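What follows is one structure encoded as structure tokens, with my remarks underneath.
Just so it is clear, none of the values below were taken in a lab; they were calculated from the coordinates. Model, not experiment: these values are computed from the prediction. Note that we place each Cβ from the backbone using ideal geometry, even for glycine, and neighbour counts take in every protein chain shown.
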Amino acid sequence: MIRTGSYSQTLRTIGQALDLLRLRTFKLICDGDDYVVRAQTETMALEEEDPQESGFPSTRTGLRGADQDVPVKAIASELRFTSADIERLGREGQAERGFPGRVQRPNSLSQILRAVGAYIDSKAASLLEISKQDGSVLIQYKTALGQISSVRMRLKGTFDSRQSHL
């Protein structure tokens, strides 16, 4: 894989796309020049009705009343970001950031992944995988010497000093 640009910029761009999905847990894997994101997304389940009774094949349970529970269904999804996708999304994100008065949320996925990218850039390492879950991000990378290392970043913004070598 030949890298152009920084991990910080690339991961911030991917994070901007993922912010829209409001993912709580995901795994981002480097696959050659592409980045693959695997996640479980939640959606409201549709409740089937008799089409002759209502005239509609299904309705959202949540529209029936606030006192009823809304069933949630987990859907596994996979997104692939190619270098062309990242370049296009980067241009779009740059145009959006140009609006005055727009405030960046420090805990947004774009900012979290930007910080992860800056960490990898500072190590002059190659990113292997990022896993986000339970209030932390686990980063696996390969050092310039070929050693595979991992570090856990708590979402409060600090890195654990413990590193495990695989």
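Would you mind counting up the charge near Ser149? Only other residues with Cβ under 9 Å from its Cβ, with Lys and Arg at +1 and Asp and Glu at -1. Walk me through the numbers on the way to the answer.
Details: positive: Lys123, Lys142; negative: none.
With Lys, Arg at +1 and Asp, Glu at -1, the neighbours total +2.
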| task | Take Val36, Val137, Val151 and order them by how many other Cβ atoms sit within 10 Å, fewest up front. | result | Val36, Val151, Val137
| said: Give me, ordered by chain and number, the residues 5 or more places off Leu128 or on other chains with an amide H under 5 Å from its own placed amide H. | reply: Gln140, Tyr141, Lys142
| Could you give me the ³J(HN,Hα) list for segment 149-154, computed from phi with Karplus coefficients 6.51, -1.76, 1.60 and θ = phi - 60°, whole Hz, x at Gly and Pro? | 10, 9, 8, 9, 10, 6
